[in-house]
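Note sheet for the following structure.
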Amino acid sequence: MLTSLNLESNSISSNGVEALASALTTNASLQELKLTHQHMACSQAAEFKLAAAIATNSTLVRLGLEVRATNARHPDLNPNPNPSPKPKPKRKSKPKP
């Protein structure tokens, strides 16, 4: 039974992070997961999936993780991980005297 998994200082892709997230939803033995110092960036969508999986996992007690998306800790606050930027309002120019 696996209780600790150290994947620090690797090159885990977005697909790998999503696979870990999927595994965490059904895993009942892992207590520690270390994912810091990855050599490649993963997508914000993958970070959201991992955050959601961690939120539902009841066995993890130690987690080493770095996320770029600040809302990844609260995926229900931002269901669209890639929102469109809002256009800036145009300023009205004052007529020249």
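Only the coordinates and a few stated rules stand behind these numbers; no lab work does. Predicted model, so just to flag it, every value in this text is computed and none were measured. All Cβ positions, glycine included, derive from the backbone under ideal geometry; neighbour counts span all protein chains shown.
For residue 2, the stated conditions hold: it is aliphatic (A, V, I, L, M), exposed (fewer than 15 other Cβ atoms within 10 Å of the Cβ) and out of contact with any helix residue (DSSP H, G or I) (no Cβ under 9 Å at 6 or more places or on another chain). The single condition among (1) in contact with a strand residue (DSSP E or B) (Cβ under 8 Å, 6 or more places away or on another chain); (2) of a type in the set (D, E, K, R); (3) farther than 15 Å from residue 5 by Cβ that residue 47 does not meet is (1).
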